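Worksheet: one structure, shown below.
Quick note: the coordinates plus some simple rules give every number you see, no bench work behind them. Given the structure is predicted, the values throughout are model-derived calculations rather than measurements. Here Cβ is always computed from backbone atoms with ideal geometry, including for glycine, and neighbour counts include all displayed protein chains.
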Amino acid sequence: MKRILTGVALATTAALVTATPALAAAPKDPVVAVKKQLVAGKGVKFTERTTVSEGDVRDIFVRRSGTLQFKKSGIAASDITGKLNIKASDLEGLDESGENAELTAMIKAMAQPERTIRIGTTSYISGNIWATMLPEGKTWFKAANGPTGGLLGTFGQPLNLAEPATVKTLLKGAKTTGSGYAGKTLVRDLWKASPWLRATWVDKPSAKAQKTAISWRITVNKAGLPTRVVATFPMSVLGSGKGSVSVDTSYTGWGSPVSIKAPPADEVASQFKDGESDISDALELPLGSIAG
């Protein structure tokens with residue numbers, strides 16, 4: 001009898017184990033997951049749209065897409081194209097004569113896409129307003145210690161989730177959601193953690209802006225890799241304008257082969273047609289007033 005009872009107990013236990021649903025695996029650590037992606041010659045693609053809101057008005061301001069190439073220590077290169085949400089119909093009726101000609105030419109140029117290739121800390125920028133400033137026969141401007149996304153990069157995603165240090169900073173005090181994480185992070189903490197942000201924004205944020213929080217939501221896949229991030233913050237963080245900015249970025253192709261190269265040397269200029277080489281004035285165009 002004892003052997004029979006033991007056999008029944010074992011069989012019952014086995015049945016219970018088989019019938020019990022498997023426990024959900026612990027979520028993968030996004031910081032570790034992103035670090036594993038930092039392999040030379042590999043990378044990730046992204047697409048994003050930036051929306052500006054003020055009162056009841058909400059409009060898409062910029063659309064961007066790009067590719068990031070990795071090295072063991074972080075981001076080795078990037079290739080990003082951005083375009084203001086300006087339609088051909090928006091340009092109809094502009095005065096192209098007299099004293100308005102220069103302004104009209106500038107507006108039409110800003111309606112064109114802007115592309116920035118960045119190798120290390122050297123940026124190559126083309127299109128948009130840069131096309132009006134380059135010497136004849138040149139299509140790219142080379143800027144040492146240049147921005148990651150040219151003029152329009154200021155309105156791009158401030159949270160680069162291909163940076164493990166940035167992901168780690170965001171996750172401090174974050175809440176888990178059904179598909180990832182959500183939280184708020186001070187600008188000053190992001191500025192300290194992210195080389196990408198420091199190379200993207202034109203100027204260091206003001207003391208007031210540094211104390212401002214960016215609200216965000218991150219979606220991750222089963223491997224813990226970010227697939228989407230939405231960041232929202234006041235326009236004032238960028239130095240001017242009213243209302244708020246929301247940047248919605250999607251990541252695809254983590255770990256895919258990437259090879260980003262500089263443009264052909266004969267297409268590149270290191271000085272504008274007026275002989276200047278400083279791009280700071282161009283980068284400080286009042287986009288905030290256009291957006292807000």
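A few points about this structure:
- Segment 30-291: C-alpha gyration tensor shape, a/c 1.5 cut-off, then a/b vs b/c: oblate
- Under 5 Å from the amide H of residue 214 lie the amide H atoms of 185, 186, 187, each residue being 5 or more positions distant or on a separate chain, with H modelled from the backbone and absent for Pro and chain starts.
- Net +/- balance of residues flanking residue 111 in space, Cβ distance below 13 Å, scoring K and R +1, D and E -1: +1
- Estimated from helical segments only, the mean residue ellipticity of the chain at 222 nm is -6500 deg cm²/dmol, where each DSSP H run of four or more residues counts as -39500 (n - 2.57).
- Here segment 133-168 is scanned for amide nitrogen atoms under 18 Å from the site 7 Å beyond the Cα of residue 102 along Cα-to-Cβ, giving 133-135.
- R0 of 22 Å, Cβ-Cβ distance residue 47-residue 179: FRET efficiency to nearest 0.05: 0.75
- Net length gained if the chain between residue 204 and residue 191 were fully extended (0.36 nm per residue, minus Cα distance): 3.9 nm
- Fewest-first ordering of 284, 163 by other beta carbons within 10 Å of each residue's beta carbon gives 284, 163.
- Highest-first arrangement of 63-69, 153-159, 221-227, where packing means the average Cβ count within 10 Å: 153-159, 63-69, 221-227
- When each full DSSP H helix of the chain is screened for a Cα extent of at least 20 Å along its own axis and an average Kyte-Doolittle hydropathy of at least -1.0, the helices passing are 2-19.
- Summary value for segment 30-291: 24 percent relative contact order, contacts being C-alpha pairs under 8 angstrom separated by 6+ residues.
- Pairwise centroid distance, computed over Cα atoms, of segment 142-156 with segment 170-216, Å: 19 Å
- Net lengthening on full extension, residue 266/residue 144 (0.36 nm per residue, minus Cα-Cα): 42.2 nm
- Interchain or long-range residues, amide H under 5 Å from residue 71's placed H: 76
- Taken over the Cα atoms of segment 59-183, the convex hull encloses 155 Å³ per residue.
- Shape of segment 208-292 from the C-alpha gyration tensor: oblate (a/c of 1.5 or more and a/b not above b/c, with a ≥ b ≥ c the square roots of its eigenvalues).
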